[in-house]
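One structure, as structure tokens, below. Some questions next.
The values are calculated or read from the model by the stated rules, or taken from the named source; none is laboratory data. Computed from a prediction, not measured in an experiment: that's the story for all the values here. All Cβ positions, even for glycine, are placed from backbone atoms using ideal geometry, and neighbour counts span all protein chains on display. Keep in mind that these areas ignore ligands, DNA and RNA; they rest on the heavy atoms of the full protein, side chains included. Shrake-Rupley method; radii C 1.70, N 1.55, O 1.52, S 1.80 Å.
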Amino acid sequence: MADYSGDPSEFKVYWFARDLVASSYGSYATKETQTLKQLSSRLGNELEGKGLLDETDLETQKQQIRDTITGSVNKTYGGDISKRYRQTEDLAERILRRIEEEDDIREFRIAIDAVVRTSEILDTAPSFGKQEIIRIVNETLETDRGNLDPSKAYDALYNVDFEGEAYQLGAQREPLIDYIYEEMAELRDDPHIEQREVARIISGIVQEYERRAGQSRASTAGNVLETGLQHIFNQFGVPATGDPAHFGDLEIDNMVDGPEGSIGFSCKRTLRERFRQSLSREAEIGVDEVWFVSLLMADVSKEKLHDISNDGSRIYVPRDSFVWNRYNNDDDLSYTLRPADRFIEDVVEFTGVSADL
């Protein structure tokens, strides 16, 4: 294969794979898997049958790639060119601009196999389910005497997030290891691939896999915390809505409505900038206040605390955090900054709901 050691942008297996799954090109590989498999097979048969490709052969194969990709979707929808077709045109153009020689065709075929196989791994990897979340919450809340400790609610959410991330990462990595082991052996047996090129190709496959796996973990993290928060409310008999509610660009993870007040909750790993979307929108949400629970402190700045304070809302942080130690005596933040171990008790006190505390 060609020597790409001097140009990192030429790690073409990685770029082919990324293009094939990119949402901007319609996530083609995840929707047209069979088409790609058939295309790869045809290209492979032609490579074996013709030996070294001349310029005409290469152009013929490039045209076959274009025709196969664009020909697999409907060209029109509602009397206009379909968005799906325009996306596949963009994908085909992106791929063909990377193909300059025969070895690039081989790398394109490797990328197809990698995308198809790693997509199967991601689709079938076990997820961190409700039963695991319930177990962690119960174990965290339960005392040595078998009672439930409301001061451990924040710890339960943290443990759910911590163990959920580790569980999902392990579930995604284990089958990947098996696949990479098999792929390395196959690549080493390929006479067209030098040994150093095996490492380059494998690194590209793993890099793209981890990018996609990270996205899938991030997308499920919020659901894990929502489920954990609801089970915590259930354990203490706090009547909560149970489901996240969407208000345009804003999502409230749960709500509690009582005779004395109502609260919307935003429970996230980090506060980030999106927390501002909920400020001053209590009337739209239908609650008196929005309370924030942030598991990580990196984004909890004094500026954000004052923003939350100006809106009359609250944020809960651990007592052993520097954020708490630094600002808990600030009179301007006395209502806003609250200790995490008071979370459940404050919910009950503010709303006036009945609970098992």
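Matching residues to (1) within 23 Å of the chain's Cα centre (by Cα); (2) surrounded by fewer than 17 Cβ atoms within 10 Å (Cβ to Cβ); (3) outside any loop (DSSP other than H, G, I, E, B):
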position	(1), (2), (3)
GLU174	yes, yes, yes
ILE177	yes, yes, yes
TYR181	no, yes, yes
MET184	no, yes, yes
ASP190	no, yes, no
ILE193	no, no, no
SER203	yes, yes, yes
GLU208	yes, no, yes
GLU226	yes, no, yes
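Between residues in the stretch 179-203 that are on the phi < 0 side of the Ramachandran plot and of a type in the set (Val, Ile, Thr) and residues that are open to solvent by 100 Å² or more (accessible area, probe 1.4 Å) and not in a loop (DSSP other than H, G, I, E, B), which pairs lie under 7 Å by C-beta distance while being six or more apart or on different chains?
Short answer, once both residue conditions are applied: VAL198/ARG188.
Of the residues LEU357, LEU295, only one is under 26 Å from LEU148 (Cβ atoms), of a type outside the set (Gly, Ala, Ser), modelled with pLDDT under 90 and open to solvent by less than 40 Å² (accessible area, probe 1.4 Å); which?
Within the list LEU357, LEU295, the selection yields LEU295.
If you don't mind, another one. Determine, yes or no, whether TYR154 is in contact (Cβ under 8 Å) with a residue 60 or more places away in the chain, assigned to a helix (DSSP H, G or I) and under 22 Å from the mean Cα position of the chain (by Cα).
Considered against the rule, which asks whether it is in contact (Cβ under 8 Å) with a residue 60 or more places away in the chain, assigned to a helix (DSSP H, G or I) and under 22 Å from the mean Cα position of the chain (by Cα), TYR154 comes out as no.
Please identify the pairs in which a residue from the stretch 333-357 that is closer than 23 Å to VAL323 by Cβ has its Cβ atom under 6 Å from the Cβ atom of a residue that is open to solvent by 70 Å² or more (accessible area, probe 1.4 Å), counting only partners at least 6 apart or on another chain.
Cβ pairs passing all conditions: PRO339/ARG319.
Look at ASP320 and say whether it is open to solvent by less than 30 Å² (accessible area, probe 1.4 Å), of a type outside the set (Ser, Thr, Tyr) and either touching a Lys or Arg at 6+ places or on another chain (Cβ under 8 Å) or part of a loop (DSSP other than H, G, I, E, B) (or both).
So ASP320 does not fit the description; no.
Name every residue in the stretch 326-340 that is open to solvent by less than 100 Å² (accessible area, probe 1.4 Å) and assigned to a loop (DSSP other than H, G, I, E, B), in order of residue number.
ASN328, ASP330, SER334, TYR335, THR336
Same structure, new question: Against the conditions (1) modelled with pLDDT under 90; (2) farther than 30 Å from THR35 by Cβ; (3) of a type outside the set (Gly, Ala, Ser), where does GLU174 fall short? Just the number, please.
Going through (1) modelled with pLDDT under 90; (2) farther than 30 Å from THR35 by Cβ; (3) of a type outside the set (Gly, Ala, Ser) one by one, GLU174 breaks only (2).
For the stretch 229-254, what are the residues that are open to solvent by 50 Å² or more (accessible area, probe 1.4 Å), at pLDDT 85 or above and either outside any loop (DSSP other than H, G, I, E, B) or among the small types (Gly, Ala, Ser) (or both)?
ASN234, GLN235
Looking only at the stretch 72-95, count how many residues are surrounded by fewer than 12 Cβ atoms within 10 Å (Cβ to Cβ) and not acidic (Asp, Glu).
Qualifying residue count for the region: 5.
A quick yes/no check of all residues on (1) open to solvent by 50 Å² or more (accessible area, probe 1.4 Å); (2) touching a residue at least 24 places away in the same chain (Cβ under 8 Å); (3) in contact with a helix residue (DSSP H, G or I) (Cβ under 9 Å, 6 or more places away or on another chain); (4) within 13 Å of ILE65 (Cα to Cα):
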residue: PHE16; (1), (2), (3), (4): no, yes, yes, yes
residue: LEU20; (1), (2), (3), (4): no, yes, yes, yes
residue: THR33; (1), (2), (3), (4): no, yes, yes, no
residue: ASN45; (1), (2), (3), (4): yes, no, no, no
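Sticking with this one: Step by step: first the residues of the stretch 120-151, then only those that are in a loop (DSSP other than H, G, I, E, B) and without any contact (Cβ under 8 Å) to a residue 12 or more places away in the chain, then the one that is most open to solvent (accessible area, probe 1.4 Å). Which residue is that?
Only one residue tops the list, namely ARG145.
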